[in-house]
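Contents: one structure, followed by commentary.
Taken together, the values in this text are just the output of simple stated rules run on the coordinates, not laboratory data. Treat the numbers as computed from the prediction; the structure is a model and nothing was measured. So basically every Cβ, Gly included, is an ideal-geometry build from the backbone, and we count neighbours across all protein chains shown.
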Amino acid sequence: MMFSLKRVHAAIDGKKVKVRAGTTILEAARQAGIEIPTLCHIQDHGPTGVCRVCIVEVEGARTLVGSCHTPLAEGMVVRTNTPKVLSVRKAVVELMLTAHTGTCVNDPNADNCGLHNLASDYEVGAPRFNVITPRFYPIEDMNPYVRRDLSKCILCRRCITACREIAGKNVLTIGYRGFDSKVTAGYDEALTTDECRACGICIEYCPTGALSRPHEFTGIMTARPTKGLSRKDQTAARTGRALLLPGLKRELARSSHLSREAMLRVAGEVDLPLCDVFGVSSFYAYLPRRDKAVNRIRICKCVPCDLKGAPPVIGSLKRVLGIAPGETTPDGKFSLEVVSCIGACDQAPAMLINDDLFGHLSPEKIADILKTY
Amino acid sequence: MPEKRIVLSKCGIVDPGDISSYLRQGGFKAFLKARDELTQEGIVDEIKRSGLTGRGGAGFSCGLKWELAGKSRSKEKYLICNADEGEVGTFKDRYILMHDPFGLIEGMCIAGLAVGAGVGYIYLRAEYHSLLELLSNAIEQVRRKGYLKHMDLRVFEGAGAYICGEESALMNSLEGLRGESRYKPPFPPTQGLWEKPTVINNVETLMNIPHIITNGADWFSAMGSPRSKGTKVFCVSGDVARPGVYELLMGSSMRELVMDLAGAQDVKAVQIGGATGSILPGGRLDISLSHETYLGSGAVVVFNGSRDIIDIVYKDMLFLHEESCGKCTPCRDGMEAMVEIYGRLINGQADPEDIRILEDLAQTMSLASLCGLGQAAPVPVLDSLKYFHDEYDAIIRQSVYVRGRASVL
């Protein structure tokens with residue numbers, strides 16, 4: 001961001017503030033001695049804006065805004081602790097608590113947990129939003145440098161920022177999407193020891209107990225600060241990354257699924273680490289990693305298709321193919337996926353076989369359609 | 001009032017595979033007028049005065065976007081056509097691209113002139129892969145005619161993510177990143193693709209451009225309602241006799257669309273704008289369709305008297321749960337909680353307390369989420385609670401009764 005000499009005037013909790021244009025609400029509040037809680041934010045690093053703990057009320061705004069990423073604007077009237085802000089912030093903390101499996105009742109390190117402390121500050125009681133199936137992962141402790149208990153992870157991404165921007169490495173990324181999001185390494189595999197040797201910077205920045213030092217480890221971990229990319233390198237990185245999705249698609253056309261080897265090939269072509277390629281590709285529904293089916297059947301389950309009888313058609317597909325959604329026939333000829341809207345609601349119920357669209361389906365038509373493949 | 005076809009005027013008339021048939025219908029006259037007779041500011045001014053608004057759902061002034069990006073002195077600017085329609089119940093872009101790709105390209109050619117964009121992208125959703133060849137072929141024909149000298153126009157294919165219809169997620173995807181939403185500001189016209197000034201317009205928005213340039217801003221702004229000018233393409237599906245795309249003047253009534261045109265009967269409810277859209281009871285069909293009232297992307301799904309509203313909302317939530325990018329807490333973890341509550345409702349295991357929790361959760365998600373998906377996800381929940389509260393009451397009563405009996409036995 002360019003430094004500006006322009007100043008903006010605003011009010012935070014009734015206090016008049018004057019800051020350099022481009023200053024975020026969070027920075028301005030801190031300068032004025034007003035504390036706003038944060039979890040994902042790392043001082044002096046670009047905002048991530050994911051945890052939503054630092055939300056505040058801005059007069060005239062439709063929603064609450066994240067103070068870590070919203071610049072203070074001229075004349076803005078900000079309130080950081082209205083009943084609305086406090087109740088929504090508390091609910092956000094509750095959601096984080098309920099979504100992870102980590103139990104910290106008997107954990108001696110719980111006092112060091114940022115989430116645990118926020119929960120005490122906001123007097124979070126018995127769980128309101130009770131998620132019955134929270135994220136759960138077995139503890140990963142093969143690595144001599146970092147022990148990962150991802151059930152305690154709140155997906156704040158501080159470890160990723162620390163790894164990339166402070167240690168200058170590229171070991172961690174976010175993989176998958178939605179509720180299944182996970183901090184992944186490589187092709188979602190255990191941390192490789194080599195790159196993490198003598199580092200452990202991610203542990204320092206983890207606000208919860210998700211990352212910790214293995215008990216046996218006694219060595220000293222030092223991380224060196226990274227130098228930013230030169231302008232030329234930035235352009236090269238940009239060009240490479242822009243070729244990532246097309247590269248993955250090319251690979252997919254050749255082998256019908258994206259194996260570790262395939263991703264490694266693409267990673268080499270576009271000059272990105274494997275973890276990054278995995279993180280991007282696992283986000284998208286049409287970049288399959290496992291099954292190698294020749295023909296991919298994708299049937300829509302959304303409301304318009306559902307109304308018009310998608311469930312019995314899916315039943316018919318299951319019967320004729322002898323497989324459940326998410327599976328591939330033993331001969332590898334067909335795979336079956338139940339997917340989100342495919343934009344053929346006027347022909348509901350509808351499905352795609354590879355790129356061919358079939359609309360106005362009925363259970364009786366399925367066998368005949370499949371015969372043509 | 002019958003249909004008013006402007007955006008769709010050439011659909012079914014021109015051959016989508018042959019530019020000469022488009023040219024015979026007056027195609028690219030608007031582009032030539034814009035290029036040879038109007039200045040960059042002149043084009044922007046015309047679009048601004050026309051009152052054209054974004055047709056993707058947000059309804060922001062198209063001219064204002066163009067002006068912001070157009071004024072920037074950056075040497076690198078981008079134009080993006082958002083053809084990633086993934087909103088449940090929306091299929092208008094597929095219809096348009098299939099029948100009139102040249103209309104879209106002409107709109108983009110003009111937009112490129114107005115904004116000063118050197119590169120234009122059409123972000124096509126992966127589900128529409130079969131249209132890729134048609135579209136690429138159309139672009140090639142336009143290029144050979146010499147109408148694309150000012151802009152390199154490319155098609156970029158998505159990879160299956162609803163959230164990429166959100167403009168900032170779309171740009172991330174184009175850059176080769178995960179299709180996660182960015183926080184705003186900055187907005188695309190100042191810092192968009194690769195942090196350069198970028199204009200992102202919906203397919204339907206761009207289809208309007210040649211018509212406005214040909215007929216003038218006044219012609220366009222004379223149609224519609226005070227804040228919604230021109231026409232809107234609607235996609236009607238669900239319990240109707242004639243599902244399909246219909247183009248009507250802005251401000252037309254819902255009754256006309258679903259009953260008269262699409263042939264619905266016994267309407268219990270309609271949902272407007274996809275899985276995050278409002279749900280209105282059949283008794284309110286006299287509302288007009290515009291930015292002032294209800295519009296969204298123009299998807300209208302009709303439910304007849306036999307449908308279970310709670311089940312419909314549950315399926316909307318399942319869709320949004322699957323399509324949440326997972327970046328921010330309220331949407332990622334809130335959708336999971338939401339789906340679990342609806343699961344309990346459907347399976348007869350809900351508590352009276354669940355309704356209050358549903359409301360708290362809805363408020364948290366709409367106020368604290370990073371982007372439109374999480375912010376709008378609770379809309380059908382709140383609407384159904386408002387208009388169909390008795391269905392929730394009944395299901396709760398039944399759950400409590402069943403569990404009470406189970407505990408006695």
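Tabulated data
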read-out	value
Overall Cα dimensions of region A:135-228, principal axis frame, Å, largest first	34, 34, 24
Residues whose placed amide H lies under 5 Å from that of B:Asp152, excluding near-sequence neighbours	B:Val119, B:Gly120
Whether region B:182-325 is rounded, prolate or oblate, judged on the alpha carbon gyration tensor where a/c under 1.5 counts as rounded	oblate
Percent of alpha-carbon pairs separated by more than 21 Å within region B:1-97	52 percent
Order of B:Trp219, B:Trp66, B:Trp194 under a 10 Å beta carbon neighbour criterion, fewest first	B:Trp219, B:Trp194, B:Trp66
Rough spin-label spacing in nm, given labels placed 7 Å along Cα→Cβ, for B:Glu292 and A:Asn170	5.3 nm
Ratio of the Cα radius of gyration of region B:231-303 to 2.2 N^0.38 Å, where N counts its residues	0.92
Cα-based Kirkwood hydrodynamic radius, chain B, one decimal, Å	22.2 Å
Distance (nanometres) between label positions extended 7 Å along Cα→Cβ at B:Arg5 and A:Arg238	4.3 nm
Cubic angstrom per residue, convex hull over Cα atoms of region B:324-401	71 Å³
As computed over chain A, the Cα convex hull volume per residue (Å³)	198 Å³
Formal net charge of residues neighbouring B:Gly305 (Cβ-Cβ distance under 15 Å; K, R +1; D, E -1)	-4
Region A:231-283: radius of gyration and largest Cα-Cα distance (Dmax), Å	10.9, 37
FRET efficiency, B:Ala394 to A:Asn112 (Cβ-Cβ, R0 51 Å, nearest 0.05)	0.60
Cβ-derived FRET efficiency at R0 45 Å, A:Arg197 paired with B:His150, nearest 0.05	0.25
Rg over Rh [alpha-carbon atoms, Kirkwood Rh] for region A:82-153	1.03
For region A:295-371, alpha-carbon Rg relative to the globular expectation (2.2 N^0.38 Å, N residues)	0.97
Span from the region B:166-186 Cα centroid across to the region B:220-279 one, whole angstrom	30 Å
Rounded FRET efficiency, nearest 0.05, which uses the C-beta distance separating A:His215 from B:Thr190 and R0 of 51 Å	0.50
The protein assembly as shown - convex hull of the alpha-carbon atoms, volume per residue in Å³	183 Å³
Segment A:Asp180-A:Arg30, length gained on full extension (0.36 nm per residue, minus Cα span)	50.6 nm
Chain lengthening between A:Val294 and A:Lys365 when straightened (0.36 nm per residue, less Cα-Cα)	23.5 nm
Most mobile of A:Tyr284, A:Tyr187, A:Tyr176 in a GNM of chain A (Cα contacts under 10 Å)	A:Tyr284
Members of B:Lys65/B:Lys232; A:Lys182/B:Lys315; B:Lys29/B:Lys184; A:Lys333/B:Lys92 lying beyond 29 Å, as alpha-carbon distances in this model show	B:Lys29/B:Lys184; A:Lys333/B:Lys92
